[in-house]
Amino acid sequence: MDEHAAVLGPSPEERLVELARQRRTRPLDRREVAAKAVPAAAFLLAAGCFALLSGSHRALTPPAVPLVLAFALLSRLEVESGSGSAVPTQLAFVPMLFALPLRIVPLAVSAGYLAGAGADVLGGRLRLSRCLGVVGCCWFSLPPAIVLQLAGEQPPAWGDWPLYLLAFAGQCGADLVHTAVHERVARGTDLRALAGTLGRVYALDALLSPLGLLAARDGGYSFLALLPLVVLLDLLSRERRRRFDALLRAARMQTLAMTDPLTGLPNRRAFDEQLAGELERLRGVGGGRLAVCVLDLDRFKEFNDRHGHPAGDRLLRETAERWQATLRRGSLLARLGGEEFALLLPRADEEEAARTAERLCGATPAGITCSAGLACWDGTESGPELVARADRALYAAKTQGRAKVRLA
């Protein structure tokens, strides 16, 4: 089934967004518990040690609490992107680095994230146990705080841009390591699949950091001047969510329209469209190999009459599962209707196509046999003409005693 997901389903990014939405309210499995609990505990230990072992000449001022609350609010303005989301927390995080004692900034960040997640938990949009992951996500806050602490908790100054660049690099590096470990342990995801998503997240952070630094330079409650931008980002995040909603609905409708409901395989329409696309591609590159195989279960009507239609449906589903399991990546198996199936084999010659058809016939469930007709593209014919030749080869296999593979 995975082989035709890209043909029928949503795009890779849309699938990641859909899975991320589903995970938010789903119980954690053992791998996810480990992937979230260990980084969260390690972060709290590291942040606690940093707070206890570091000194500070800064005092807590009245804007500290509003800053943490602003961070909590910003953490809920999620711009969906792949398996995660970009959040404009940099607008509050950067001022926190210059308004709060640096030794408590990582813990303040975790408090802000938990406050934002708590609102989602109360609203039923996030499962309580998943707050473990929220704490683990705070690793990004530790390197910038350490870098600026080692520099002496200096007030913001544009001339210190190399220092801020180092702090930002540490922020992205810590987040990258945490994300890579979490995704690998929790879901077995290769970091390369998330490269685009992470690039967009870090780009947003880079764009918002100078604005946060402007607010930090003026001090006090000047960060409130960024509220209009926050409203704009909220509107953009809502619009992006609505766009993904529409895309996912359209993808589901397309899947329904192009999927056989009994076996879950692509239907005739999906097969015809994929065949037309392959032929167009081959003509565009000046030719190539392509084979079509039409398969039919022998004496299926007799099986239905003898065992009943429910048994016939089970046989069709089992046949589809067995055949799908034998195919190489890139092949497309479809149910054309009744007991007839079709197989599209890009880049396959006559010998390879024949071996594949024999393998499928050998994988047919016990109690029934299968006949198959093969045709390889001649370089000029249309899709319907190619399928018609495979059909004639199937007819020849049927008339010659069934349970055979015949090449057009």
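Observations
- Residue in the range 162-187 that is surrounded by the fewest Cβ atoms within 10 Å (Cβ to Cβ), counting only those that are at pLDDT 95 or above and either over 18 Å from F93 (Cα atoms) or over 30 Å from the mean Cα position of the chain (by Cα) (or both): P162
- Contact annotation: residue pairs with Cβ atoms under 9 Å, 6 or more positions apart or on different chains, pairing a residue in the range 203-224 that is in contact (Cβ under 8 Å) with a residue 60 or more places away in the chain and in a helix (DSSP H, G or I) with a partner that is surrounded by fewer than 18 Cβ atoms within 10 Å (Cβ to Cβ) and among the aromatic types (F, W, Y), are L213/W158; R217/W158.
- Entirely in the range 327-408, the strands (runs of 3 or more DSSP E) that have 3 or more residues that are closer than 10 Å to C293 by Cα and touching a Ser or Thr at 6+ places or on another chain (Cβ under 7 Å): 340-346
- Qualifying residues in the range 369-385 (those that are over 17 Å from E339 (Cα atoms) and of a type in the set (G, A, S)) - the one nearest to the chain's Cα centre (by Cα): G383
- Within the range 132-177, the set of residues being touching an Asp or Glu at 6+ places or on another chain (Cβ under 7 Å) and assigned to a helix (DSSP H, G or I) comprises W139, F140.
- Positions within the range 230-284 being hydrophobic (A, V, I, L, M, F, W, C) and modelled with pLDDT of 90 or more, in sequence order: L262, L265, A270, F271, L275, A276, L279, L282
- Identity of the residue in the range 248-289, among the hydrophobic types (A, V, I, L, M, F, W, C) and surrounded by fewer than 17 Cβ atoms within 10 Å (Cβ to Cβ), that ends up farthest from L316 (Cα to Cα): V285
- Test: H178 is touching a Phe, Trp or Tyr at 6+ places or on another chain (Cβ under 9 Å) and closer than 26 Å to V33 by Cα: yes
- Any hit, the range 226-233, residues being within 24 Å of the chain's Cα centre (by Cα) and part of a helix (DSSP H, G or I): yes
- Members of the range 69-110 that are at pLDDT 90 or above, under 20 Å from L204 (Cα atoms) and among the β-branched types (V, I, T): T89, V94, V109
- If only residues of the range 111-147 that are of a type in the set (F, W, Y) and at pLDDT 95 or above are counted, the one that is surrounded by the fewest Cβ atoms within 10 Å (Cβ to Cβ) is F140.
- From R335, R347, residue being of a type in the set (K, R) and surrounded by fewer than 20 Cβ atoms within 10 Å (Cβ to Cβ): R347
- With respect to the conditions (1) outside any helix (DSSP H, G or I); (2) at negative phi; (3) among the acidic types (D, E), E239 lacks only one, and its number is (1).
The values are calculated or read from the model by the stated rules, or taken from the named source; none is laboratory data. Note that the coordinates shown come from a computational prediction; the quantities given were computed from them, not determined experimentally. As a convention, Cβ positions derive from the backbone with ideal geometry for all residues, glycine included, and neighbour counts pool all protein chains shown.
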